[in-house]
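For reference, the structure is listed below as structure tokens.
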Amino acid sequence: MRTWLPLAIIVSLISLGLWFYESPPEQLLGKRPTPKEYNRAADLVIREAKTRHFNTEGTLAYRVDADSITYFQFARRDRANLDKPRIVFYQGESPRWRTESRKGVAHNNGQRVVLRGDVNIWELPETDGIHLQTPAITIKPRQEYAETDKIVKITAGANRTEGRGLRAFLKKDRVEILSEVQSIYETQ
């Protein structure tokens, strides 16, 4: 029995050494991707992308369409660059909110989406709803929540409101402007 114990320890140490040698240190230490890794070739490119996302009851929660999606998979996270993304949120069977922008980046399998460049959000139907404009906004699609610290312009018919920072609870149809609020309301 004694002759097997040193041999088992040596085999275990060699196996452990090979495992450390074969495993990249960034995976073991949980490091974030470097700028060089971010600039590497994409894992997947989809043109004219159309995705549908369903809630736990099986009904359509939101859809994401984009001219193209460029997907990157890293050791502990993923990123998808979106070209001209369009997101539509549904309440029941009806579309309730629609977003458009020039660019977007989805992080961690779409848990957080950052839209940039002429971001427009419409409450549907557009003729009766509000229209929101901002240069950039972060959306958490599964929570139907959006926020920004940028200048926001909201129009609803002839009424206009402008301010800095916004929190939007899309599921509850509630929008909060955080500071520097200026409004123009027209009475009928």
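Results, tabulated for the structure shown:
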{"read-out": "Per-selection metrics, region 87-164 (Cα): Rg and Dmax in Å", "value": "12.5, 39"}
{"read-out": "Cα-centred dipole magnitude for region 98-177, charges only on beta-carbon of K, R (+1) and D, E (-1), debye, nearest 20", "value": "340"}
{"read-out": "Cα-projected label distance for S179 with L124, points at 7 Å along beta-carbon direction, nm", "value": "3.5"}
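Only the coordinates and a few stated rules stand behind these numbers; no lab work does. None of these values were measured; they are calculated from a predicted model. In this analysis, Cβ positions are derived from the backbone assuming ideal geometry, glycine residues included, and neighbour counts consider all displayed protein chains.
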